[in-house]
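*Asks:* Handing you this structure, nothing more for now.
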Amino acid sequence: MKLRIKGNSIRLRLTQTEVKTFSAEGYVAETCAVGPMQLTYALKSEDMEAPLSACFDSNLLVVSMSSKLAGPWFESPEVGYRHLAHTNVGEELFLLVEKDFVCLDETFEDQSDNYPNPNSNC
């Protein structure tokens with residue numbers, strides 16, 4: 001699972017195996033060691049009205065997805081879900097969770113478990 005943060009936006013991109021695991025189990029996580037500390041980021045299925053929400057506490061960033069979307073996501077053609085959440089300090093946080101496609105340009109990353117890129121047959 002890839003994490004991208006820019007300003008007030010959080011984006012998670014998941015491989016085929018991660019989407020399958022998430023749809024079946026309702027949870028996937030990654031940990032990144034930063035010096036002596038660790039940052040863990042996770043995607044969690046939750047019974048909630050909004051499609052997505054997020055919270056951060058004690059080096060753990062959790063993006064939650066509505067269980068109505070999470071369960072069928074692996075079998076769905078839906079690429080991802082987005083939501084503009086309102087924080088408790090009056091700001092907006094853009095959330096995007098999506099399937100990770102194979103890049104069309106060269107990259108050093110292992111992409112063997114990424115989804116086939118629909119634009120590769122242009």
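The values are calculated or read from the model by the stated rules, or taken from the named source; none is laboratory data. Please read these numbers as outputs of a predicted model, since none were measured by experiment. Cβ: placed from backbone, ideal geometry, glycine included. Neighbour counts: every protein chain shown.
*Asks:* Out of (1) touching a Cys at 6+ places or on another chain (Cβ under 6 Å); (2) on the phi > 0 side of the Ramachandran plot, what's the single condition that is false for Leu39?
*Replies:* (2)
Matching residues to (1) at pLDDT 90 or above; (2) of a type in the set (Gly, Ala, Ser); (3) closer than 19 Å to Ala29 by Cβ; (4) surrounded by 10 or more Cβ atoms within 10 Å (Cβ to Cβ):
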residue	(1), (2), (3), (4)
Ala50	yes, yes, no, yes
Cys55	yes, no, yes, yes
Ser58	yes, yes, yes, no
Val63	yes, no, yes, yes
Glu75	no, no, no, yes
His86	no, no, no, yes
Gly90	no, yes, no, no
Phe101	no, no, no, yes
Leu104	no, no, no, yes
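*Asks:* May I pose another question? Here are some conditions: (1) part of a loop (DSSP other than H, G, I, E, B); (2) crowded, with 17+ Cβ neighbours inside 10 Å. Val28 meets all but one. Which one does it not meet?
*Replies:* (1)
*Asks:* Exactly one of these conditions fails for Thr21: (1) in a helix (DSSP H, G or I); (2) surrounded by fewer than 12 Cβ atoms within 10 Å (Cβ to Cβ); (3) polar (S, T, N, Q). Give me its number.
*Replies:* It fails just one condition, (2).
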